[in-house]
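Chemist: The structure follows.
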Amino acid sequence: VQLVESGGGLVQAGGSLRLSCAASGSISSFNRLGWYRQPPGKQRELVARIRPDGTTNFVVSVKGRFTISRDNAKNTVYLQMNSLKPEDTAVYYCEAFWLREYWGQGTQVTVSS
């Protein structure tokens, strides 16, 4: 399975972006799907995760601003990011798990102040 992220870019603080993660195969079999990010010079961290039953969890710093959703028909996972802050600047990665982890190549999000 390959994961391909898109939707990153440069946005001003307070703006919005929607990231997409398209899978080459069915996502319905994955135990979990998520978005991680890696800010410059820092470790990768979990941002949001969605499970097959639709339950989600988020890192505290994005709660109320980001939402994660999935479209099984399109084999795509989304991360809607609103009220973006400069500290959201990072490379964002899509992750999926079924027997093993799968990762996308990442998409850059830059939020200017």
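The values are calculated or read from the model by the stated rules, or taken from the named source; none is laboratory data. Everything numeric here is computed off the predicted structure, so don't read it as measured data. Positions of Cβ are generated from backbone atoms using ideal geometry, with glycine treated the same way; all protein chains shown enter the neighbour counts. All accessible areas refer to the heavy atoms of the entire protein, side chains included, with ligands and DNA or RNA removed. Shrake-Rupley method; radii C 1.70, N 1.55, O 1.52, S 1.80 Å.
Chemist: Mind grabbing the accessible area of Val60 for me, 1.4 Å probe, Å², rounded to tens?
Modeler: Probe radius 1.4 Å; accessible area of Val60 about 110 Å².
Chemist: In whole Å, what is the distance between the alpha-carbon centres of the range 58-104 and the range 1-30?
Modeler: Result: 7 Å between the Cα centres.
Chemist: Positive end of the charge dipole of the chain (Lys, Arg +1 and Asp, Glu -1 on Cβ, about the Cα centre): tell me which of Leu46, Val111, Cys94 has its Cα farthest that way.
Modeler: Leu46
Chemist: Now a separate question. Order Asp71, Asp88, Asp53 by their accessible area, 1.4 angstrom probe, all chains in place, largest first.
Modeler: The ranking, largest first, comes out as Asp53, Asp71, Asp88.
Chemist: Keeping every protein chain in place, order Phe66, Phe97 by accessible area at 1.4 Å, biggest value first, i.e. largest first.
Modeler: Sorted by accessible area, descending: Phe97, Phe66.
Chemist: Here's something else I'd like to know. Taking the Cα centre of the range 57-98 as origin and charging only Cβ (+1 Lys, Arg; -1 Asp, Glu), how large is the dipole, in debye to the nearest 20?
Modeler: 140 debye
Chemist: Follow-up question, since we're still on this one. Students often forget the sequence filter, so: which lysines lie under 27 Å Cα-Cα from Lys85 once same-chain residues fewer than 8 apart are removed?
Modeler: Lys42, Lys63
Chemist: With only Lys, Arg, Asp and Glu charged, each at its Cβ (+1 for the first two, -1 for the last two), find how big the charge dipole of the chain is about the Cα centre; round to the nearest 20 debye.
Modeler: Dipole about the Cα centre, nearest 20: 140 debye.
Chemist: While we're looking at this one, here's another question. For the range 1-73, what does the relative contact order come out to in percent, with C-alpha contacts under 8 Å and a separation of six or more?
Modeler: Dividing the mean separation by the residue count of the range 1-73 yields 21 percent.
Chemist: How big is the chain in terms of Cα radius of gyration and Dmax, in angstroms?
Modeler: For the chain, the Cα-based Rg and Dmax read 13.1, 41 Å.
Chemist: Can I ask one more? Round to the nearest 10 and report in Å² the accessible area of Trp103, as given by a 1.4 Å probe over the protein chains' heavy atoms.
Modeler: 90 Å²
Chemist: Mean-square fluctuation check for the chain, GNM, Cα pairs under 10 Å: which of Gln80, Gln43, Gln12 is largest?
Modeler: Gln43
Chemist: Take the solvent-accessible surface of the protein heavy atoms, probe 1.4 Å, and return the percent of it on the chain that carbon and sulfur atoms account for.
Modeler: 49 percent
Chemist: Can you give the convex hull volume of the alpha carbon atoms of the range 1-49 per residue, in Å³?
Modeler: 111 Å³
Chemist: How big is Rg to Rh over the range 62-113, alpha-carbon atoms, Rh as the Kirkwood inverse-mean-distance radius?
Modeler: Taking Rh as the inverse mean 1/r over Cα pairs, Rg/Rh reads 1.01.
Chemist: Whole number in Å², please: accessible area per residue of the chain, 1.4 Å probe, ligands, DNA and RNA not counted.
Modeler: 51 Å²
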